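Shown next, in structure tokens, is the structure this report addresses.
Bear in mind that the values in this text are calculations on the coordinates, not laboratory data. Bear in mind that the values here come from a model prediction, so they are computed numbers and not experimental data. Positions of Cβ are backbone-derived with ideal geometry, glycine not excepted, and every protein chain shown enters the neighbour counts.
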Amino acid sequence: MKNWIKLIFLVALVLLTGVAQAQDELAPAPNTLLDEALAQLQSAESFRLAIEQSGEPYQLALTFDGVNMLPATLASADAQIISPNELHISARLRLIIPLAMDIYARGDRQWLSFPSGAPWIPLPAFDDFDAGRLLAPGDGIEKLMTDLNTPQIADAEALVDEQPAWRIKATAAGDAVEALLFGFIDPKDDVEIDAYITVEDGRLALIEILMLETARDRGKDPSVWHIKFYDYDAPRGFNAPAS
């Protein structure tokens, strides 16, 4: 009887090992997933972003003509990108009091609707702001995706909005994410990245950015940016101001 038990155990072990090896062989390479997701994002006519920041509030780097604005942090924002260089963003800021505003940008030109829904007015350009940077070759999302350090699949069964996704973990230099948030942040250290790519269509669904410079204080939750990508190729969902 003991010999039979040993034999069954050995057979099961061999079968499980074979299944694990087959799964490893079928698992796509992280860089392949990232390259294909990047190509889909850059070829999309439009996509939407939902941006939230959790943990310790992270100050925005907002300057006009080299002059810093009052300290502000972002509560959340919803945006639509129209390729290659149009942006509409509805942002909820924490300044002295909570503020809601819309910003429209075409290239390096900007308009403001404040409070949100008010008529558009031309806005003096934020320093180094250009909506086209997000999708520009060698900048924005491409700079981040191609400069990730040692990307690894950390979870092959993650979920984003109940959709199966690959979770790829990596680190990156802080300046690699600066354009991803339209130049409104100025990281002082490296960041930790979790990129979620949907299994069904290989599209980028979510990027989470842990600001490592905020992770040193164990008495506070570190700052994390959550950037959701969705509604690829959706129609324009806003009225642009007159040129």
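Figures for the structure shown
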{"item": "Label-point separation in nm, Glu56 to Ala39, each point 7 Å along Cα→Cβ", "result": "4.1 nm"}
{"item": "Whether the range 115-243 is rounded, prolate or oblate, judged on the alpha carbon gyration tensor where a/c under 1.5 counts as rounded", "result": "oblate"}
{"item": "Shape parameters for the range 29-230, alpha-carbon atoms, Rg then Dmax in Å", "result": "16.6, 48"}
{"item": "Length added when fully stretched, Ala156-Asp221, from 0.36 nm per residue minus Cα-Cα", "result": "20.8 nm"}
{"item": "FRET E, pair Leu95, Ala242, Förster distance 25 Å, beta-carbon r, rounded to 0.05", "result": "0.30"}
